[in-house]
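The values are calculated or read from the model by the stated rules, or taken from the named source; none is laboratory data. In this text, all values refer to a predicted model and were calculated from it rather than measured experimentally. We place every Cβ from the backbone using ideal geometry, glycine too, and count neighbours over all the protein chains shown. Quick note on the areas: whole protein, heavy atoms, side chains included, nothing else; ligands and nucleic acids left out. Shrake-Rupley method; radii C 1.70, N 1.55, O 1.52, S 1.80 Å.
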Amino acid sequence: MFIDEAKITVRAGDGGHGCIAFRREKFVPRGGPSGGDGGNGGNVYMVASDQDNTLLKFRYNHIFRADRGKHGEGSNKHGKGGEDLDISVPPGTVVYDAETGEVLHDFTEPRERVLIAAGGRGGHGNAHFAASVNRAPTRAQDGRPGEHKELRLELKLLADVGLVGFPNAGKSTLISSISAARPKIADYPFTTLEPNLGVVAYDQDRSFVVADIPGLIEGAHLGHGLGIQFLRHIERTRLLLHLVDVSPTEDRDPVADFQTIENELAEHNPDLIEKPRIVVATKLDGADPGKLRKLQQWCRQQRIELIKISSVTGEGLEELKHGIIRKLSSETPGES
Ligand SMILES: Nc1nc2c(ncn2[C@@H]2O[C@H](COP(=O)(O)OP(=O)(O)OP(=O)(O)O)[C@@H](O)[C@H]2O)c(=O)[nH]1
Ligand SMILES: [Mg+2]
């Protein structure tokens, strides 16, 4: 299961308290104030790191604290500042204040570092308050508390390729046959309840990330089926594979299927319609020749690239990977 949301608590360090002390030296009857300041509390930062690609770690660890500042001491010794804490997140993470819903930061670039919760300032020791009118101040300040925030993290999968189609179209089977992802596969609709990511190695230096999302049905944009909440996972992809089942099992028209899904995409976000796409006819091993022909004709008319595959026999998978790489590297969308 791919975790793409997390709730965490961050606490910056409290400031150390200022100290009240007086010099005690031999032969100096009345020493002046010598209480040092408290150290500042450590800040909490978030840093985008290429080393992370999921929010999984936040599932096990969701409270993050920076160190507090040390208290001031006598002899004008200032307390040491608390160490800052860096929390690494994958690029693409959006950080929300869980209480107000406000976006605190949207991480796009690796190595971006942002202050999320500020440490409290250390309090002044009594030495700070010495004045000509008050040579023996007996007051010192407490350190200020560090900021405390409840955060919600959201990661849009940074997939290159999104799989869309009706439930049972074979999306999860495809991702499992071209990548190491092992999503649940079954012959009933809505097997996939959460998005899955798979990394596909094309050759030594070229790979791409595919996102498998739950199937869509007519009215998905109105909340039918599992709805379209998962489409945000493919909003940043560069290519869509639209899978259409051409086996006789589904008693539906392949062209109507295609149009239904495309309508749902358009209703959700018109940008999705602008993305380059490949139509993938699935389950070629048991294809209904009539359905296949109809889909092929339609794609030819519409000038949409069509690739036929069987995830069971492996037929067409190399051609598909090749087609994906070609589309991803071509600068002009829609070119085939
Ligand atoms: N014969 C054959 N069956 C396939 C092929 N690909 C998938 N199937 C079967 O089709 C059914 C649905 O496959 P899934 O991969 O779970 O479909 P999905 O599109 O992920 O479905 P949802 O997650 O419900 O949206 C399963 O029973 C698969 O075994 C194929 O190439 N050939
Ligand atoms: Mg699935």
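Once a ≥ b ≥ c are taken as the square roots of the eigenvalues of the Cα gyration tensor of segment 109-244, is the result rounded (a/c under 1.5), prolate (a/b larger than b/c) or oblate (a/b not larger than b/c)? It comes out prolate by the Cα gyration axes.
Listed by chain and number, the aspartates and glutamates whose alpha-carbon sits under 14 Å from that of Lys275, ignoring those within fewer than 8 places in the same chain, are Asp160, Glu235, Glu262, Glu305, Glu331, Glu335. Applying Stokes-Einstein at 10 °C and 1.306 mPa s to the Kirkwood radius of segment 231-336, computed over alpha-carbon pairs, gives a translational diffusion coefficient of 111 µm² s⁻¹. Near Gly31: Cβ cut-off under 13 Å, other residues only, Lys/Arg at +1 and Asp/Glu at -1. The net charge is +4. Taking N as the number of residues in segment 14-85, what is its alpha-carbon radius of gyration divided by 2.2 N^0.38 Å? After normalising by residue count via 2.2 N^0.38 Å, the value is 1.76.
Tyr202 contributes an accessible area of around 60 Å² to the protein surface, as traced by a 1.4 Å probe with all chains present.
Ordering Thr282, Leu222, Gly13 by the projection of their Cα atoms onto the charge dipole of the chain, which places +1 on the Cβ of Lys and Arg and -1 on the Cβ of Asp and Glu, puts Gly13 at the extreme positive end. Over the chain, the hull volume per residue, using the convex hull of the C-alpha atoms, is 166 Å³. What you get for the chain, charging only the Cβ of Lys and Arg (+1) and of Asp and Glu (-1), is a dipole of about 1880 debye around the Cα centre. Given R0 = 30 Å, the distance between the Cβ atoms of Ala266 and Lys184 translates into a calculated FRET efficiency of 0.55. On a per residue basis, the convex hull of the C-alpha atoms belonging to segment 49-169 measures out at 168 Å³. Over all pairs of different C-alpha atoms in segment 60-110, the reciprocal of the mean inverse distance, the Kirkwood hydrodynamic radius, equals 14.2 Å. Within the same chain, lysines fewer than 8 places from Lys308 are excluded, and of the rest, those with a Cα less than 16 Å from its Cα are Lys171, Lys283, Lys291, Lys294, Lys321.
Placing +1 on the Cβ of every Lys and Arg and -1 on the Cβ of every Asp and Glu, with nothing else charged, gives segment 1-116 a dipole about its Cα centre of roughly 1100 debye.
Taking 0.36 nm per residue of separation and subtracting the Cα-Cα distance, what length does fully extending Glu5 through Arg293 add?
Full-extension gain reported as 99.5 nm.
Convex hull volume of the Cα atoms of segment 113-179, normalised per residue: 160 Å³.
Looking at segment 1-101, send over the antiparallel percent of its DSSP beta bridges, to the nearest 5. If I count the DSSP bridges inside segment 1-101, around 25 percent turn out antiparallel. Each 10 Å bin from zero up to the one holding the largest Cα-Cα distance in segment 245-289 carries the following percent of pairs: 25, 45, 25, 5. Each Lys or Arg adds one and each Asp or Glu subtracts one; over the other residues with Cβ under 9 Å from the Cβ of Gly81, this totals -1. For Lys80, the lysines whose Cα comes closer than 18 Å to its Cα, not counting residues fewer than 8 places off in the same chain, are Lys70.
Rg and Dmax of segment 182-290, both derived from C-alpha coordinates alone, stand at 14.5, 43 Å.
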